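Down below is the structure, laid out as structure tokens.
Bear in mind these aren't lab numbers, they're just calculated from the coordinates by the rules spelled out. All figures in this text were calculated on a predicted structure; none of them were measured in a lab. All Cβ positions, even for glycine, are placed from backbone atoms using ideal geometry, and neighbour counts span all protein chains on display.
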Amino acid sequence: MFKKLSTLSLLTLLIGILVAGCSSSNPYVDDAKSQMQDGNYQAALEAAQQSIKNQPNDPLGYYYQGVIYGDMAQEEENPAARQETYKKMNESFEQARELASKMEDPPSELENLGAVKTTIWSNEHNRAIELATSDSLRKALDNPIELAAEHLQNATLIMPDSVLSWDVLSEIQIMNNNTKAAIQAKEKVLDLKQQPSAQDYNRLADFYRAENNFKGAINVLSKGREAYPDSVFLSEKLADSYQSDGQYQKAISTVERLIERDPDNPQYHLALGTQLYQTVLELNDSLSTNSDQIFKLNKKLEAGSGNTSSIKQQISELQSANKSLQSQISDLTDRAIEELNTVIEYRPDDASAYNTLGVIYQNKASALFEEREQTMDNQKAAEIDKQAREHLQDARKYYEKATEIDPDNKQYWESLFRVYVALGMDERAKEAQQKAGM
């Protein structure tokens, strides 16, 4: 059950009214205080409401009504069921503030209003943290993360300007697999902060990307890059988001802007080389799709089914598209290799650059092996096979360097294992397989 300050301790600590013989000129307020001391919430609430009815200009009626609603809400075991009562608490406190602002000498109790709200807010906020982080509670309860989210929703209701609660709520909602709610909470964080951090923009973009809403991520990251033009990770993620949205040229130009600002920064060249090759992989997918379609259309021609003229026209258009794609792929691959070699010049121990170069040459070899299988000319097939194996040797060289720099990276060893197998280097393949943990 939710643990809170008792009514007595809350009043003693924050309200300062439980002094023997203490009374006011408002008998309804005095009655409300007395009933609160005894824990008679309903009677206390009725007394506060009588004060509001009979002395509508006295802010104390609204003030104590708010205090009572706050305690009544926390007595409710289900955190989701507290929200309406918290709304009434907020409304009461706002009315008390408004009335007090019109008075030359407002009651001293109202000086504690902010502290009362802060205490109730902290109870809700801290309970959420406890539910999300305590292993014992997470094992004992059926839905601790959902309960944590409900407590944080209460906290943000009590303190709508609490950046901390909105931020934690966004992460709790992600843990709760509620990405849309996480986006809403994180957007609130950015709205409340005068200057959101680069990580704030980055995290919100992650939430959008998790929803495959790449346009939403692009919008957030674009704003983030305006605020932090030197942020590499924001520019890289913006480029990745453009890439995922099919805006390949914008993806590349995003990283190129970084290099324009600092041409000697190897991290920027690594980002551009990686981005260029990611674009190549996307174009390769389009190329493969077109090739599959050409194959199917040729089968239809052979079978004599369908409109021959229309089928030939489709094949011609697809072949033309593939020719353009192949040209783009070749150019972008060459540029990617150039950028990655630049990285190595600046940082000769950059395992990531060597690994990416290995991937590029391994894929170049795979494409040639596929081309070899499709040719009927034995001499040409032998020439293609030789060229493919040369690319595999290049890939081997780069993968070996990557594993030399980062020997604990199992992914590098797995890639090297596959190259060794393709080259017939069985003994080395066994060693690489073992180090890859396969």
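Assorted remarks:
- For the chain, modelled as a GNM whose springs connect Cα atoms under 10 angstrom apart, the maximal fluctuation among Leu318, Leu157, Leu113 occurs at Leu318.
- Around Asn219: net Lys/Arg minus Asp/Glu count, Cβ-Cβ under 15 Å: 0
- Under the combined filter of DSSP loop state and at most 16 neighbouring Cβ atoms within 10 Å, the range 34-132 retains these trypsin sites (Lys or Arg not before Pro): Lys102.
- Relative to the Cα centre, the charge distribution of the chain, modelled as +1 at Lys and Arg Cβ and -1 at Asp and Glu Cβ, gives a dipole magnitude of about 980 debye.
- Cα-Cα over 23 Å, subset of Lys237/Lys401; Lys117/Lys139; Lys180/Lys215: Lys237/Lys401; Lys117/Lys139
- Förster radius 30 Å - calculated FRET efficiency between Val163 and Leu141, Cβ distance, rounded to 0.05: 0.65
- Dipole moment magnitude, nearest 20 debye, the range 147-222 about Cα centre, only Lys, Arg, Asp, Glu C-beta charged: 200
- Ratio of the Cα radius of gyration of the range 259-397 to 2.2 N^0.38 Å, where N counts its residues: 1.31
- Rg over Rh for the range 63-189 works out to 1.04, both radii taken from alpha-carbon positions and Rh defined as the Kirkwood radius.
- Cα-based helix-to-principal-axis angle, 266-303 vs the chain, degrees rounded to 10: 60
- Förster radius 45 Å - calculated FRET efficiency between Glu404 and Gln379 (Cβ-Cβ, nearest 0.05): 0.75
- Degrees separating the helix 351-374 axis from the principal Cα axis of the chain, which is the longest one: 50
- Furthest towards positive pole of dipole, Gln319, Gln379, Gly216, structure part the chain, Cβ charges: Gln379
- With all projection directions averaged, the alpha carbon convex hull of the range 349-438 covers 5.5 nm².
- Most fluctuating residue given options Asn307, Asn176, Asn143, as computed from a GNM of the chain linking Cα atoms under 10 Å: Asn307
- When +1 charges are put on Lys and Arg Cβ atoms and -1 charges on Asp and Glu Cβ atoms, the dipole computed for the range 105-198 relative to its Cα centre reaches about 360 debye.
- Linear extension gain, Glu91 paired with Lys312, 0.36 nm per residue minus alpha-carbon span: 72.2 nm
- In the chain, the ratio of gyration radius to Kirkwood radius, Rg to Rh, stands at 1.21 when only Cα atoms are counted.
- Under the criterion of Cα pairs below 8 Å and six or more residues apart, the relative contact order for the range 349-438 equals 30 percent.
- The range 28-99 versus the range 316-354: alpha-carbon centroid distance in Å: 69
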